[in-house]
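The values are calculated or read from the model by the stated rules, or taken from the named source; none is laboratory data. Quick caveat, the model's predicted, so the values are computed rather than measured. Cβ sites come from the backbone with ideal geometry, for glycine too, and all protein chains shown count toward neighbours.
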Ligand code: KG4
């Protein structure tokens, strides 16, 4: 076996995506994800159904990742897994699977924080693809369904939250806005699609006035709900007739709120290297705003590839690889955890 080649099998099961990836050092060989359509009919993730679906998916997804990478179980150097934060029932499936497999193969385990994984997605190399990772320190806007944070990243293991939401996350706000309009789940991609056809200046929603670098999205959610109620009272068909404009205006408000604090953070911390991470980083208007700010303020920006924006195991594998190099392994008795910061 080639000693310079470290093969990591990574497992991610924190919410409603069962994902497995195989990395050779910092290069991803496979990244296989099974999403769970079962939640669509409920307008949100149902934890009990999510854990059952993980249980069904985990073996075929891991098999597929190994096959796609052309790596045998016996070649694996370690197993990296998401230990938290996330839904406990979902996490338990991935954590228990990782423990069982690591024990049977006699190889070490590496625990990974899901949020650290999202940020470190910028360091995943792909075979034969151009690649530039951010130099440390950099700022990362981490926006997902459960988190909205501005993080100062000093190294893969030294991360400092400089601002975060005091209530809802940006993705949660997008999902709730779509739900109120009766558009389905997850709402973020639907809002994104509709917004491309609408006028972002057609409606105005209130923005929060939170001191410092923290975010708040619950006021915007209420403002959207009250505006909609008033408009629907005047015309029952209002949402159907104006859903593109509503989506565009709501999305533009979320993006303004996010970028405003991020800009303040770059000024305050005097850092112009800025990365975007998490599920909401797939959003077209947010990506565009990043490019616009880069041009206007001379930022060096890092926007992840679509495959590395939402939950995936490759981002867990890259942290696993760095921790492996540091000999930072975890014991069998480490439990999953549902809540934490980085
Ligand atoms: O990071 P992620 O996959 O899961 C966690 O929350 O950890 O993020 C999911 C969130 C959901 O709220 C989803 O609606 C949002 O990301 N999202 C988007 C887009 N794609 C996914 N929001 C806006 N525009 C998108 N294109």
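So is residue 285 more than 24 Å from residue 17 (Cα to Cα) and outside the structural domain of residue 99 (by TED's automatic domain parsing) or not?
Answer is yes for this residue.
Here are some conditions: (1) surrounded by 23 or more Cβ atoms within 10 Å (Cβ to Cβ); (2) out of contact with any helix residue (DSSP H, G or I) (no Cβ under 6 Å at 6 or more places or on another chain). Residue 164 meets all but one. Which one does it not meet?
Of everything listed in (1) surrounded by 23 or more Cβ atoms within 10 Å (Cβ to Cβ); (2) out of contact with any helix residue (DSSP H, G or I) (no Cβ under 6 Å at 6 or more places or on another chain), residue 164 misses just condition (1).
Please specify each residue of the stretch 267-296 satisfying the condition of being in a helix (DSSP H, G or I) and either touching a helix residue (DSSP H, G or I) at 6+ places or on another chain (Cβ under 7 Å) or modelled with pLDDT under 95 (or both).
Matches in the stretch 267-296: 279, 280, 282, 284, 285, 286, 289, 293.
Condition first: farther than 18 Å from residue 73 by Cβ and either at pLDDT below 95 or within 16 Å of the ligand (Cβ to nearest atom) (or both). Now tell me which residues in the stretch 94-123 satisfy that. Even if it seems obvious, please write down each step before you answer.
Our first condition is that a residue be farther than 18 Å from residue 73 by Cβ; within the stretch 94-123, this holds for 95, 111-123.
112, 113, 114, 115, 116, 117, 118, 119, 120, 121, 122 - these are the residues of the stretch 94-123 that are farther than 18 Å from residue 73 by Cβ and either at pLDDT below 95 or within 16 Å of the ligand (Cβ to nearest atom) (or both).
Could you run through the stretch 21-50 and say how many residues are farther than 23 Å from residue 176 by Cβ and more than 16 Å from the ligand (Cβ to nearest atom)?
Quick first cut of the stretch 21-50, residues farther than 23 Å from residue 176 by Cβ only: 21-34.
Right, trim to more than 16 Å from the ligand (Cβ to nearest atom) and you get 22-30.
Number of matching residues: 9.
Find the strands (runs of 3 or more DSSP E) located wholly in the stretch 15-117 whose residues include 1 or more that are outside the structural domain of residue 171 (by TED's automatic domain parsing) and free of Cβ contacts under 8 Å to residues at least 12 places away in the same chain, and list them.
Here the list is empty.
Scanning the stretch 194-245 for residues that are free of Cβ contacts under 8 Å to residues at least 24 places away in the same chain and within 28 Å of the chain's Cα centre (by Cα), which turns out surrounded by the fewest Cβ atoms within 10 Å (Cβ to Cβ)?
The extreme case among them is 211.
Regarding the stretch 61-80, can at least one residue be identified that is within 15 Å of the ligand (Cβ to nearest atom) and closer than 25 Å to residue 305 by Cβ?
Pass one, the stretch 61-80, residues within 15 Å of the ligand (Cβ to nearest atom): none.
Checking the stretch 61-80: not a single residue is within 15 Å of the ligand (Cβ to nearest atom) and closer than 25 Å to residue 305 by Cβ.
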